[in-house]
1. Restricting to segment 200-219, give me the number of residues that are modelled with pLDDT under 85 and crowded, with 20+ Cβ neighbours inside 10 Å.
2. Residue 196 fails exactly one of the following numbered conditions: (1) open to solvent by 60 Å² or more (accessible area, probe 1.4 Å); (2) closer than 27 Å to residue 143 by Cβ; (3) modelled with pLDDT under 90. What is the number of that condition?
3. Suppose we filter 101, 140 for residues that are over 18 Å from residue 217 (Cβ atoms) and of a type in the set (Ser, Thr, Tyr); which single one remains?
4. Report yes if residue 151 is modelled with pLDDT under 90 and under 18 Å from residue 179 (Cα atoms), otherwise no.
5. Within segment 160-191, which residues are closer than 12 Å to residue 72 by Cα and assigned to a loop (DSSP other than H, G, I, E, B)?
6. Among the residues of segment 244-289, which ones are over 25 Å from residue 31 (Cα atoms) and either touching a Pro at 6+ places or on another chain (Cβ under 6 Å) or at pLDDT below 75 (or both)?
7. Considering 50, 59, which residue is in a helix (DSSP H, G or I), within 18 Å of residue 251 (Cβ to Cβ) and modelled with pLDDT under 90?
8. Tell me the residue from 55, 71, 75 that is more than 24 Å from residue 172 (Cα to Cα) and either more than 11 Å from the chain's Cα centre (by Cα) or not basic (Lys, Arg) (or both), please.
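The values are calculated or read from the model by the stated rules, or taken from the named source; none is laboratory data. Keep in mind that this is a model prediction, so the values were computed, not measured. Here the Cβ is made from the backbone with ideal geometry for all residues, glycine too, and neighbour counts use every protein chain on show. SASA here: full protein model, heavy atoms, side chains in, ligands and nucleic acids out. Shrake-Rupley method; radii C 1.70, N 1.55, O 1.52, S 1.80 Å.
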Amino acid sequence: MRITQSMLSNNMLRNLSSSYDRMGQYQDQLATGKKINRPSDDPVIAMKGVSYRTNLMEVEQFKRNFGEAYNWVENTDSALDKATEALQRMRELVVQASNDTYEDSQRESVMQEVRQLKEHLVEISNSKFGEKFIFNGTDTLNKPVDLNAVKPVSDNINPVKIELSKGIYVQVNVNPKEIFSFEKDPTDPTDISKQSGLFGDINRLEDALMNGAGKEITEFLDTMDSHIKNVTNARAELGARINRIELMEERVGQQEVVATRVLSDNEDADIERVITDLKTQESVHRAALGVGSRIIQPTLMDFLR
């Protein structure tokens, strides 16, 4: 086959163009710090990158969910702590008022404080985190307790769960009916003597302070102890969940480190290697230019000068 001058020129130009293209790729890698800048550069790396980046985004979302979970459990624990203080103070008042030396006026003063503590417990039961009521199950937009309503306490006890890891949901609220309850006799809702639950028992305590004797008031000690125990049990269960959330947060933090490293190994360029390859390609390019200038033979125009 006859090799013409134009064939040599075209081959040289094609090879030089390829050399420029390779140097351009190395320069892009140095500028961006990435192995590829278009999916066409390496489809396998590109597809793996999509998968790894999806995993990393999931982990980052779980980390944001931990903030939501901590807000729920910490606000709930704080509210239950205040409820415990109110109930303990109420128990102290029961002990004082059960003394037969107390006069009616003194017991009336105790009853007034008990009433204020009851209102305080209503406020606690209607605690909110942001715009959400934390003691009304999944019905977070409506307050759970309204003693003046026909139905004073909500029946919503559905657990509020937040996904903190892939497919793992953790409950962040407590069962409100185990703490803030109020039951009336359906045949006679106004009969205080037949009311039960936290607020029903407090109503009966108020009535006893107004009309009863020391012995009748003493019977409420066990009642107050029972309600304090309910709150304590709820806090203990919540504390166990908080410990689990902290352990899960540590694990998700480790997953983020691993996911970030895997994504980096897949996409990030080895800068030292890229610089070395670029320098090598520059040397090859200069050599190609020198060889090309020697291969191209003189033309007729060179002899007509």
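1. Within segment 200-219, residues that are modelled with pLDDT under 85 and crowded, with 20+ Cβ neighbours inside 10 Å number 1.
2. It is condition (1) that residue 196 fails.
3. Values: 101 fails: over 18 Å from residue 217 (Cβ atoms).
Within the list 101, 140, the selection yields 140.
4. Criteria met by residue 151.
5. Quick first cut of segment 160-191, residues closer than 12 Å to residue 72 by Cα only: 160-162, 170-174.
Those that are closer than 12 Å to residue 72 by Cα and assigned to a loop (DSSP other than H, G, I, E, B): 160, 172, 173, 174.
6. 287, 288, 289
7. Working: 50 fails: within 18 Å of residue 251 (Cβ to Cβ).
Selected residue: 59, the only one of 50, 59 that is in a helix (DSSP H, G or I), within 18 Å of residue 251 (Cβ to Cβ) and modelled with pLDDT under 90.
8. Values: 71 fails: more than 24 Å from residue 172 (Cα to Cα); 75 fails: more than 24 Å from residue 172 (Cα to Cα).
It is 55.
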